[in-house]
Structure formats: C-alpha cells, structure tokens
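Worksheet: one structure, shown below.
The values are calculated or read from the model by the stated rules, or taken from the named source; none is laboratory data. Just so we're clear, the structure is a prediction, and the values are computed from it rather than from any experiment. As a convention, Cβ positions derive from the backbone with ideal geometry for all residues, glycine included, and neighbour counts pool all protein chains shown. SASA here: full protein model, heavy atoms, side chains in, ligands and nucleic acids out. Shrake-Rupley method; radii C 1.70, N 1.55, O 1.52, S 1.80 Å.
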Amino acid sequence: TPSAGANSECVTQTMSKALIIEDEQPMRRLLRLVLEARGYEVCEAADGQLGLQEAAFQRPDVVLLDLGLPGLGGIAVLKRLREWSDVPVLILSVRDQEAVKVEALENGADDYVTKPFGTAELLARLDVIQRRRFTRHSAEIIAGGLKLDLLHHEASLNGQPLKLTPTEFALLK
Ligand code: CA
C-alpha cells in the first residue's frame, strides 16, 4: 500500500519474516495463522536440517524453534544456527523440559514458551526478543536530547550530564 508524501516514512513498515521449525503440522498451521494475522511473512520447516537450510536461505527476522524434533534435535539446530547467526530465537517447548529449556537459553535462545501457550503470550515474547535484537549491539539509547550510556551507566540531556541514582537510571532506561 504505497503512501506518498511527507509521512511515508512513518507508515512504511518492513514486514518481519518468521521461520517456524516444528515437526508437528497442526502446530505449524496454528503458528502460521497467528503470525500471519500479526503481519508476519511466514516460512516453515518440518525438521531441523531443513530449518537450518531455510534459516540460511530466507534470512528470517525471528525463528520459532521446537525442541523435540526428529533427527537433528532443537538444541543441535540452535547450536549450529548460532555459529553464524544472531537471529532472535524463541523456543517452543513442552512441559517438564526444565533442563532442556535451560540448555537452550545457555546456547543462545532468547526466550521460550511452553506448549500449550496462548497466542497473546507468544506474540508478546516475539515482540520483546526482536526489540532486544535492535538494541543488543548498541550500548547507547538516544531519544531526542537524552542519551543513556548503558555501558558506563551515564546519562546526559543535551550534552549536560545527569546525576541519577541506579534506580532512576533503570527507570529512565
Ligand atoms: Ca515436536
């Protein structure tokens, strides 16, 4: 939907691409419906090997990764993916997989949801991990004249240093 004019910058939004790596077809279909309704472009892979290929080929903005995959398991997929990609990864796990969820987080997963999950929770977690990606490589937050140096915990407004307590700094951040 083209919209010319001064405001076009504000309405132009690049569609996020989500890759679903999940062997259960009903779950893939459900996820596709939810994500497409939210405006995502969706691609799917039914096993880990295909998932890695799709990740390389499609360059998704976010990956939803099932842990219980036949053949190459979710953790193995994650480890290989992290050798060359820092794409945000949301793990889809089932209950009572506490140890493997921790292992996933230790291997670079950004977050997880536990099946069965609500769509609102899923979308909220996807939003958060994608937002985090944009700030992950930057140690500064700049908003107008306000600048936060996250590395040194320093804040300034229009170049003037602000004296903030750690709590104030955290709230401002
Ligand atoms: Ca599975």
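On the given criteria, is Ala18 under 18 Å from Val128 (Cα atoms), more than 16 Å from the ligand (Cβ to nearest atom), surrounded by 18 or more Cβ atoms within 10 Å (Cβ to Cβ) and modelled with pLDDT of 95 or more? Yes: the conditions hold for Ala18. Residue count for the stretch 141-172 under the criterion of being touching a helix residue (DSSP H, G or I) at 6+ places or on another chain (Cβ under 9 Å) and either in contact (Cβ under 8 Å) with a residue 40 or more places away in the chain or charged (D, E, K, R) (or both): the result is 1.
Any idea which residue in the stretch 82-104 is nearest to the ligand (Cβ to nearest atom), counting only those that are open to solvent by 70 Å² or more (accessible area, probe 1.4 Å) and not acidic (Asp, Glu)? Once the filter is applied, the top-ranked residue is Arg95. More than 21 Å from the chain's Cα centre (by Cα), over 23 Å from Ser16 (Cβ atoms) and open to solvent by less than 20 Å² (accessible area, probe 1.4 Å), is that true of Ala155? Spelling it out, Ala155 is indeed more than 21 Å from the chain's Cα centre (by Cα), over 23 Å from Ser16 (Cβ atoms) and open to solvent by less than 20 Å² (accessible area, probe 1.4 Å).
In the stretch 95-114, the residues that are at positive phi form Cβ pairs under 7 Å with partners that are assigned to a loop (DSSP other than H, G, I, E, B), at six or more places apart or across chains, as follows: Gly108/Arg82. Checked across the stretch 41-53, the condition of being among the aliphatic types (A, V, I, L, M), farther than 19 Å from Gln130 by Cβ and in a helix (DSSP H, G or I) holds for at least one residue. Do we find that Arg29 is out of contact with any strand residue (DSSP E or B) (no Cβ under 7 Å at 6 or more places or on another chain), open to solvent by 70 Å² or more (accessible area, probe 1.4 Å) and on the phi > 0 side of the Ramachandran plot in this structure? Answer is no for this residue.
A single member of Leu78, Leu90 is at pLDDT 95 or above, touching an Asp or Glu at 6+ places or on another chain (Cβ under 6 Å) and not in a loop (DSSP other than H, G, I, E, B), and it is Leu90.
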